[in-house]
Amino acid sequence: MLKTKSKSLPLPSDDRRWQLVNATMRRHGYEADALIEVLHSVQSAFGYLDRDAIQFVARSLRVPLSRAYGVATFYEHFTMKPKGAHTCVVCMGTACYIKGTPAILNGIETSLSIHEGETTADSKVSLLSARCLGACGMAPAAVFDGEMVGKLSTEDAVARVERWTTE
Ligand code: FES
C-alpha cells in the first residue's frame, strides 16, 4: 500500500516528553485513526491532557479539534488537567518504580493528605502519576510544575510540595 509521507509539526516545547508523544504519532504514520492511542501516550507521559496537548495532537493528526476534545472528555480513562494551582506528576514507570517512586508518592500523599489523582482542598496542589516521563536515566523522577526533577528523594519531593502549600 502506498503511504503518503507525513511530517511532524514543531513540538510544543523542548520538554522531552513531547518526543515520546511524537514517536507514537510517527509509528502510526500520523494517521487520524491513532487519535486514542496518541492521547493515551500524552497522558502516560504528562499524567493528564490539557488544551495545548489536545490542540497539538489534533493538528498533527489532522482531526477536528472538536473530535479530539470529544474523545478526551468521553473516555473515563483520560484525565483533564487538574484544577490545582500547582501540579506534581510522579513517574510510576518501571525504572522509576524500581528506584523508589512508590515511597515518594506515598510521602507526598501523606504530607498533603490527598491521594494520587486528587487536588488539595485549598486547590493549591494536584498530585498525579505518569507511566514514563522519558527520563528513565534520571530515575526516580517527577515533574513539579513542568520542571523535570531526577534522582529525587522522598524528602526533597515532600519539601517541594510543602513549599507550594505555604505560599
Ligand atoms: S520510568 Fe520514569 S522516566 Fe521512564
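The values are calculated or read from the model by the stated rules, or taken from the named source; none is laboratory data. Just so you know, these numbers come straight off a predicted model, no measurement behind them. Every residue, glycine among them, receives a Cβ derived from its backbone with ideal geometry; neighbour counts consider all protein chains shown.
Before moving on, here are some points about what is shown:
- The residues on offer are 42, 89, and the sole one that is crowded, with 19+ Cβ neighbours inside 10 Å, β-branched (Val, Ile, Thr), within 12 Å of the chain's Cα centre (by Cα) and in a strand (DSSP E or B) is 89.
Here is a yes/no grid of residues against (1) under 27 Å from residue 151 (Cβ atoms); (2) at pLDDT 95 or above; (3) aliphatic (A, V, I, L, M); (4) touching a strand residue (DSSP E or B) at 6+ places or on another chain (Cβ under 9 Å):
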position	(1), (2), (3), (4)
31	no, yes, no, no
39	no, yes, yes, yes
42	yes, yes, yes, yes
52	no, no, no, no
67	no, no, no, no
72	no, no, yes, yes
80	no, no, yes, yes
83	no, no, no, yes
89	yes, no, yes, yes
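- Residue ID - farthest from residue 85 (Cα to Cα), chosen from residues in the range 130-146 that are more than 10 Å from the ligand (Cβ to nearest atom) and at pLDDT 90 or above: 144
- In the set (1) more than 19 Å from the chain's Cα centre (by Cα); (2) within 16 Å of the ligand (Cβ to nearest atom); (3) among the acidic types (Asp, Glu), the condition left unmet by residue 155 is number (2).
- Inclusion of residue 113 among residues that are more than 16 Å from the ligand (Cβ to nearest atom), without any contact (Cβ under 8 Å) to a residue 12 or more places away in the chain, more than 16 Å from residue 42 (Cα to Cα) and surrounded by fewer than 14 Cβ atoms within 10 Å (Cβ to Cβ) is warranted.
- Summed over the range 45-68, residues that are free of Cβ contacts under 8 Å to residues at least 40 places away in the same chain and either under 17 Å from the mean Cα position of the chain (by Cα) or buried (at least 19 other Cβ atoms within 10 Å of the Cβ) (or both) total 10.
- Tallying residues that are in a loop (DSSP other than H, G, I, E, B) and within 13 Å of residue 72 (Cα to Cα) within the range 29-39 yields 0.
- Within this structure, residue 108 passes the test of being at pLDDT 95 or above, closer than 22 Å to residue 145 by Cβ and within 16 Å of the ligand (Cβ to nearest atom).
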